[in-house]
1. Assign unit charges at the C-beta atoms only (+1 for Lys and Arg, -1 for Asp and Glu), then state the dipole size of the chain relative to its Cα centre in Debye, rounded to the nearest 20.
2. Mind checking which of Y98, W195, A176 is farthest towards the positive end of the chain's charge dipole, using Cβ charges of +1 (Lys, Arg) and -1 (Asp, Glu) about the Cα centre?
3. Would you mind getting me the FRET efficiency between T125 and Q147? Use the beta-carbon distance for r and R0 = 45 Å, nearest 0.05.
4. Calculate how steeply helix 50-61 sits against the longest principal axis of the alpha-carbon atoms of the chain, using the helix alpha-carbon long axis, and give the answer as 0 to 90 degrees to the nearest 10.
5. What number, rounded to the nearest 500 deg cm²/dmol, is the helix-based mean residue ellipticity at 222 nm of the chain, given -39500 (n - 2.57) per DSSP H run of at least four residues and division by all its residues?
6. Any idea what angle helix 5-14 forms with the longest principal axis of the chain, computed on alpha-carbon atoms, 0 to 90 degrees, nearest 10?
7. Can you give me the angle between helix 19-34 and the longest principal axis of the chain, using Cα atoms only, in degrees from 0 to 90, rounded to the nearest 10?
8. How about region 143-176: which trypsin sites (Lys or Arg not before Pro) there lie in a loop by DSSP and see at most 16 other Cβ atoms within 10 Å?
Amino acid sequence: MLVPIELYSLTQRKGYLSPDLAIGWQIGKYVEGFFDGLQEVRIAAAAEGDAAFALSYLSREHGYPGRITVPDTSRPWDFLFYHTITGTVLHFTLIRKYIELPQGLRALEPHLAMDKPAVVKIYRTGLDLLVESILKRSVDSFSMIRQIRCRALHAPGDNGTTRCCRCERPTSVHNAWDIEGQICCQACSGLEPDWFTYH
Ligand SMILES: [Zn+2]
């Protein structure tokens with residue numbers, strides 16, 4: 001399989017090329033193109049793993065810290081990106097049927113540790129085909145992408161409070177967000193809590 005040089009060096013760093021690594025790489029390149037770079041892009045992944053590793057690698061390769069937020073609790077997305085300059089958020093939700101091994105191959109997994117070279121070969125071939133298919137697909141064919149406009153509400157000198165239109169709790173204007181025209185508190189903004197410390 002021919003892979004782009006940047007993905008090749010990522011694979012060398014990791015020691016293998018897995019479907020998750022390919023997913024992280026594909027999504028990272030998509031976001032890099034979308035925002036014209038990964039500068040000022042906050043990144044969160046729903047789980048640790050090869051995809052988060054690939055995203056961190058891409059961010060670092062382009063001169064940024066490579067820090068990925070992995071929340072402890074579940075989220076309504078697989079990957080979240082926030083471009084601080086334009087206030088644009090991208091949500092990615094993977095479409096499982098395009099990124100998972102077929103059931104027949106997954107059933108082989110318990111047998112891989114045993115000394116059965118023929119089984120390992122079949123499994124490896126299936127895995128390679130899946131990686132190849134992920135790399136050939138466009139990102140929007142294996143994930144649902146949602147774009148959201150976000151804006152920090154606070155104006156200098158405004159110490160007032162407002163009400164979150166989602167949870168209806170009062171919130172200080174300093175911590176309020178305009179999400180697609182709705183005024184929200186930090187907790188309802190859909191952004192990751194540890195990103196607020198950057199603001
Ligand atoms: Zn709220």
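What follows is calculated from the coordinates using simple rules that are stated; it is not laboratory data. Model, not experiment: these values are computed from the prediction. Cβ placement follows ideal geometry from the backbone for every residue including glycine, while neighbour counts extend to all protein chains displayed.
1. Values: 21 positive and 22 negative charges, 66 e Å.
Dipole size: approximately 320 debye.
2. The listed residue farthest towards the positive side: Y98.
3. Values: r = 37 Å, r/R0 = 0.83.
The pair T125/Q147 has a calculated efficiency of 0.75.
4. The helix 50-61 is inclined about 70 degrees to the chain.
5. Details: 7 runs with 70 residues, N = 199.
After summing the helix terms and dividing by the residues of the chain, the value is -10500 deg cm²/dmol.
6. 80 degrees
7. Rounded to the nearest ten degrees, it is 40.
8. Values: sites: R146, R149, R151, R163, R166; in loops: R166.
Of the trypsin sites (Lys or Arg not before Pro), the ones in loops of region 143-176 whose Cβ has at most 16 other Cβ atoms within 10 Å are R166.
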